[in-house]
Amino acid sequence: ALPETAERKTLYESIIGVCEPLAKEISTPINTMEFNKTANDSQRYDRAMGLVKRASLIIGEHSQPSTGLGIEIKAAENSEVPVLIVAKEGCKVSGMAKGCSVVREIIYYSSIDDLNKKISGFVNNLAE
């Protein structure tokens, strides 16, 4: 979901901070919001699918239902790109997302610090 609140923007910035040392390229909903200011629907779709195909890992924040995230998870499955889903404790992650073969783990977090620790552990294990 796009970072429509300061809290969500902080969340995405936090995920970037954890992943940046290990990544060649990071794209987030923050970048997407900037791109969307001038792009049409077809350009938005093409960009999203291109990012998925080039990715070595997708981290999807699933605390709020998002059709776009579901489409990206399916595209990741088609391209055999692993997916890590993160969601606030108490949020319901869809069964369709849970059942997808490329979803490696679902992390529930209570705070941004908790999320950072859990993502860091996951990413470091993946890098080994």
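Within segment 62-74, residues that are under 15 Å from Ile106 (Cα atoms) have Cβ atoms under 8 Å from residues that are in a helix (DSSP H, G or I) and open to solvent by 80 Å² or more (accessible area, probe 1.4 Å) in these pairs: Gly70/Met96, counting only partners at least 6 apart in sequence or on another chain.
Take Thr5 and decide whether it is at pLDDT below 90, among the hydroxyl-bearing types (Ser, Thr, Tyr), over 13 Å from the mean Cα position of the chain (by Cα) and exposed (fewer than 14 other Cβ atoms within 10 Å of the Cβ). Answer is yes for this residue. Looking at segment 46-66 only, could you name the residues that are under 12 Å from Leu84 (Cβ atoms) and not β-branched (Val, Ile, Thr)? Scanning segment 46-66 gives Ala55, Ser56, Leu57, Gly60, Glu61, His62.
Looking only at segment 107-117, residues that are open to solvent by 50 Å² or more (accessible area, probe 1.4 Å) and under 14 Å from the mean Cα position of the chain (by Cα) come to 1 in all. Highlighted here would be helices (runs of 4 or more DSSP H) found entirely within segment 27-128 that include at least 2 residues which are touching a Cys at 6+ places or on another chain (Cβ under 8 Å), under 23 Å from Thr10 (Cβ atoms) and of a type in the set (D, E, K, R), but there are none.
The values are calculated or read from the model by the stated rules, or taken from the named source; none is laboratory data. Keep in mind that what you see is a predicted model, and the values were worked out from it rather than measured. Don't worry about glycine lacking a Cβ; one is built from the backbone with ideal geometry, like all the others, and counts go over all protein chains shown. These area figures cover heavy atoms from the full protein model, side chains too; ligands, DNA and RNA do not enter into them. Shrake-Rupley method; radii C 1.70, N 1.55, O 1.52, S 1.80 Å.
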